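Below is one structure, written out as structure tokens; the observations come after it.
The values are calculated or read from the model by the stated rules, or taken from the named source; none is laboratory data. Remember, predicted model here, so these are calculated numbers, not experimental data. Cβ coordinates were reconstructed from backbone atoms using ideal geometry, including for glycine residues, and neighbour counts include every protein chain displayed.
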Amino acid sequence: MSAAVHSPFHPARRAFPVLRARRVADTAAFYERLGFSAGHRHPAKGEPDFVTLRRHDTELAVSRDDRAKSGEAGGTVDLFVFVEAVDTMVAALRAVGTPVEQEPENTPWGERVAYVRDPAGNRVGLGQPA
């Protein structure tokens, strides 16, 4: 194998946009009308904070938008990229000057997740199974 395969910058196996919405269920229902099928839902019962959707090979997610409460500015779409090792990737990105917004942490839904900002200021989630 080439050295690039072992690099923390090796391409991920999967990436998808995360749409931000104040009412996750309503936004997910909109995409279901466009032919997407709902997948993972968190929490499993009641008003969801997060829903994944798939249509053929296309995947996206809808997540509750809490940024209005925090005063955070920005767009309404995040990119979420699955990587081999979140902690290693965050360290490698930090070493080249990438702003780290949230350090890696284990989530209730079974993933280890961190958030960084790309050079244009877009929020990018990095995840792996916990």
>> Tally up the residues in segment 73-91 that are surrounded by 15 or more Cβ atoms within 10 Å (Cβ to Cβ) and farther than 16 Å from Arg13 by Cβ, please.
In response: 3
> Among the residues of segment 35-51, which ones are in contact with a strand residue (DSSP E or B) (Cβ under 7 Å, 6 or more places away or on another chain) and either among the aliphatic types (A, V, I, L, M) or part of a strand (DSSP E or B) (or both)?
Replying inline: Ser37, Ala38, Gly39, His40, Arg41, His42, Phe50, Val51
>> Residues to consider are Glu101, Glu105, Glu72; find the one that is modelled with pLDDT under 90 and not hydrophobic (A, V, I, L, M, F, W, C).
In response: Glu72
>> Can you find, within segment 108-130, the residue that is modelled with the highest pLDDT among those that are on the phi < 0 side of the Ramachandran plot, in a loop (DSSP other than H, G, I, E, B) and out of contact with any Asp or Glu (no Cβ under 8 Å at 6 or more places or on another chain)?
In response: Pro108
